[in-house]
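One structure is given here, and the rest of the page talks about it.
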Amino acid sequence: MSASECALVPTFANPVLAGSHPDPSICRVGEDFYLVTSTFAYYPGIPVLHSRDLVNWSPLGHVVRGSSRLSLTGLDVSDGIWAPTIRHHEGTFYVVATLAKGRHGSVTFLSTAAEPVGPWSDPIVLDAEGIDPSLFFDDDGRCWFTACRDAAHPDVTGPGELWMRELDLDTLALTGPTHVLWHGALRGAWVEAPHLYKRDGRYHLIAAEGGTEHHHAVTAARADAVTGPYTTDPRSPLLTHRHRGAAEPIHNVGHVDLVDTPAGETWAVALGVRPTDGTHTLGREVFLVPVEWTARGPVFAPDSGRVQLSERLPAQITVAAAEALRDGRVLDRFDGTALAPEWYSLRGPVDGLVSLRSGGDGLSIRLSPEPLTSTGTPAFIARRQQHLRLRASTRIRFTAVAQTREAGLAVFQNHDRHATLALTVDASGIPHAVLTARKAGSDTRLAAVAVTDGEVVLAVDSDESGYTFHVEDGTWTTLGSIERPFFSTERAGGFVGVHIGLYGTGDAEAGQGEALIRWFDYAPAPSSGAGGAGV
Ligand code: 6LW
């Protein structure tokens, strides 16, 4: 193609879902696409997002809204709900996922719904071990459940194995024998994230290997019968950036799910990260990759062989303006009837602690003794950081009556690694804004400034180098900066990206002391993060 022809190809910007949205799974019903991602210990669990063009996604609701079977209390933020799969069959939506504890699968469950917006059924626990469950509906109406687990004979086969049982659609229980399908294509690597597809009478098992970090890769096997035997696709890995250098903007690519469009194309949603100088803070994001089916199986990104920041639009799709949630500023005045769907709490609902005030008069945060350093449910709501460059700010009124009480803004990686810009008082009872970095059980007080006892604005600017915190009570004061890698997944470990939010903690009983939040402004700065669709 000549340069002038290239210029006319309409494109969109990857990722299509920026910020912490790992392990994407996708299905289509008619003209509508639905996508789910992992939420770990964030609550509510498993967002369901909708799109008509695969590029712009809007949240519809959540699959998991509290269940004693799926308690998140006590879990590290990177445990919890992992790797859901969404499928639709004869008028019913199915989501299967795993509750992980200690980085291992603990409870595998299934929820169903007539509409993707819900209500979703209470989770039905499946008799399944391992992680990364998936469902495949065959042409004959039978449904097959696949997942990965530790291999029975790791010395012989490698560490992981993909296995299958039938799902009885009447009883919603696994039934019949277990079939061990495949141990992966890459020697010594753990195989996970299986999804099964049928094409021209053959069954294609697509998986991930190499772990979710630098060696992440998409591999495949195929069979003539659904239960196997499966033989490795010798082209594996079919998609990876493990061989790319430091200048590559997208790394850790893998964990794909495929969907066919009404125009007859196939696209994959894939997980990937965008590091800056070797570390990433936004978490694992969703990238859209074209797929071509050939006699040899699926070819990912047939033209380039890799996931690209700018990719051609799916056929017959014209994307108008990118939606606000994708790229834009979100100024939340908390004047609706419910919290906007981008807000999450940790490990459970915060109904008694964080509430919209009547008359559209902002948000109340009642102080809780549960600190952000706990593995419980603090008085805290947060949203994903989706843009590297941004300003997040809030207008807040809080009068602390003791040094042990505070409310403010938090930049949160996990319970052991976060920063707070808090309103509190000093030993003399004088109101102060205090910047604290918390790491591995110890707090470092970085700066403090006296503020007037009234409404103030707390703000954090994020960019490639770090997070810089400011307070405004008539005049702006900059308290200090924390280097960006402090919040990165590479330093923190785990599976989640940074969330930014509002919190209130105190030594008193829950509800003693209250912060009033007038607004929270999430404002991406120019040339940051995901761009809009363009031509
Ligand atoms: C997910 C699995 C994985 O279930 O991380 O490393 C888990 N790979 O596929 C959590 O995202």
Problem - Enumeration of residues in the stretch 247-257 that are under 25 Å from VAL496 (Cβ atoms), surrounded by fewer than 24 Cβ atoms within 10 Å (Cβ to Cβ) and not β-branched (Val, Ile, Thr) - result: GLU248, PRO249, HIS251
Fill in the blank from the handout: Going through the stretch 7-28 in order, the residues found to be modelled with pLDDT of 95 or more and part of a strand (DSSP E or B) are LEU17, SER25, ILE26, CYS27, ARG28
Practice task
Say whether the condition of being more than 30 Å from ASP53 (Cβ to Cβ) and away from the ligand (no atom under 16 Å from the Cβ) is met by at least one residue in the stretch 266-273.
Solution key: no
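Within the stretch 351-359, does at least one residue satisfy the condition of being assigned by TED's automatic domain parsing to the domain that holds PHE495, in a helix (DSSP H, G or I) and without any contact (Cβ under 8 Å) to a residue 40 or more places away in the chain? Can you show your working first?
Step one: of the stretch 351-359, the residues assigned by TED's automatic domain parsing to the domain that holds PHE495 are 351-359.
Checking which are in a helix (DSSP H, G or I) leaves us with 358-359.
Filter once more, keeping what is without any contact (Cβ under 8 Å) to a residue 40 or more places away in the chain: 358-359.
The answer is yes, given that some residue of the stretch 351-359 is assigned by TED's automatic domain parsing to the domain that holds PHE495, in a helix (DSSP H, G or I) and without any contact (Cβ under 8 Å) to a residue 40 or more places away in the chain.
Of GLY278, GLY283, which residue is over 30 Å from ALA223 (Cβ atoms) and within 15 Å of the ligand (Cβ to nearest atom)? Give the derivation first.
Working: GLY278 fails: within 15 Å of the ligand (Cβ to nearest atom).
Selected residue: GLY283, the only one of GLY278, GLY283 that is over 30 Å from ALA223 (Cβ atoms) and within 15 Å of the ligand (Cβ to nearest atom).
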Exercise for the section: Under 6 Å between Cβ atoms, at least 6 apart or on separate chains: pull out the pairs that start in the stretch 202-220 with a residue that is at negative phi and end on any residue that is assigned to a strand (DSSP E or B) and charged (D, E, K, R). Expected result: ARG202/ARG222; HIS204/ARG222; ALA208/GLU192; ALA217/GLU209; THR219/GLU209
Handout entry: Hits in the stretch 186-220 - residues which are more than 11 Å from the ligand (Cβ to nearest atom), touching a Leu at 6+ places or on another chain (Cβ under 9 Å) and among the hydrophobic types (A, V, I, L, M, F, W, C)
Key = LEU196, LEU205, ILE206, ALA217, VAL218, ALA220
Problem - Residue, nearest to GLY66 (Cα to Cα), within the stretch 123-166, restricted to residues that are exposed (fewer than 15 other Cβ atoms within 10 Å of the Cβ) and of a type in the set (Asp, Glu) - result: ASP127
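Collect the residues in the stretch 81-101 that are within 13 Å of the ligand (Cβ to nearest atom) and not hydroxyl-bearing (Ser, Thr, Tyr), keeping them in residue-number order.
We begin by selecting, within the stretch 81-101, every residue within 13 Å of the ligand (Cβ to nearest atom); these are 81-85, 96-101.
Correct list: ILE81, TRP82, ALA83, PRO84, VAL96, ALA97, LEU99, ALA100, LYS101.
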Practice task
Test each condition in (1) more than 26 Å from SER465 (Cβ to Cβ); (2) under 28 Å from the mean Cα position of the chain (by Cα); (3) surrounded by fewer than 19 Cβ atoms within 10 Å (Cβ to Cβ) for THR399 and report the one that comes out false.
Solution key: (2)
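Mind listing just one residue for me: the one in the stretch 402-436 that is polar (S, T, N, Q) and more than 31 Å from the chain's Cα centre (by Cα) and, of those, surrounded by the most Cβ atoms within 10 Å (Cβ to Cβ)?
Our first condition is that a residue be polar (S, T, N, Q); within the stretch 402-436, this holds for 403-404, 413-414, 420, 424, 428, 436.
Right, trim to more than 31 Å from the chain's Cα centre (by Cα) and you get 403-404, 424, 428.
Values: GLN403: 15, THR404: 15, THR424: 24, SER428: 8.
Per the stated criteria, the residue is THR424.
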Exercise for the section: Considering each residue of the stretch 47-80, count those that are within 16 Å of the ligand (Cβ to nearest atom) and surrounded by fewer than 23 Cβ atoms within 10 Å (Cβ to Cβ), and give that number. Expected result: 5
Practice task
Could you tell me which of the residues LEU282, LEU356, LEU372 is over 19 Å from the mean Cα position of the chain (by Cα), buried (at least 18 other Cβ atoms within 10 Å of the Cβ) and more than 22 Å from TYR34 (Cα to Cα)?
Solution key: LEU372
Problem - Residue among GLY66, GLY19, GLY45 that is in the same structural domain as ARG103 (by TED's automatic domain parsing) and closer than 19 Å to PRO133 by Cα - result: GLY45
Exercise for the section: State yes or no: is PRO177 assigned to a strand (DSSP E or B), within 15 Å of the ligand (Cβ to nearest atom) and in the same structural domain as VAL218 (by TED's automatic domain parsing)? Expected result: no
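The values are calculated or read from the model by the stated rules, or taken from the named source; none is laboratory data. Predicted model, so just to flag it, every value in this text is computed and none were measured. Don't worry about glycine lacking a Cβ; one is built from the backbone with ideal geometry, like all the others, and counts go over all protein chains shown.
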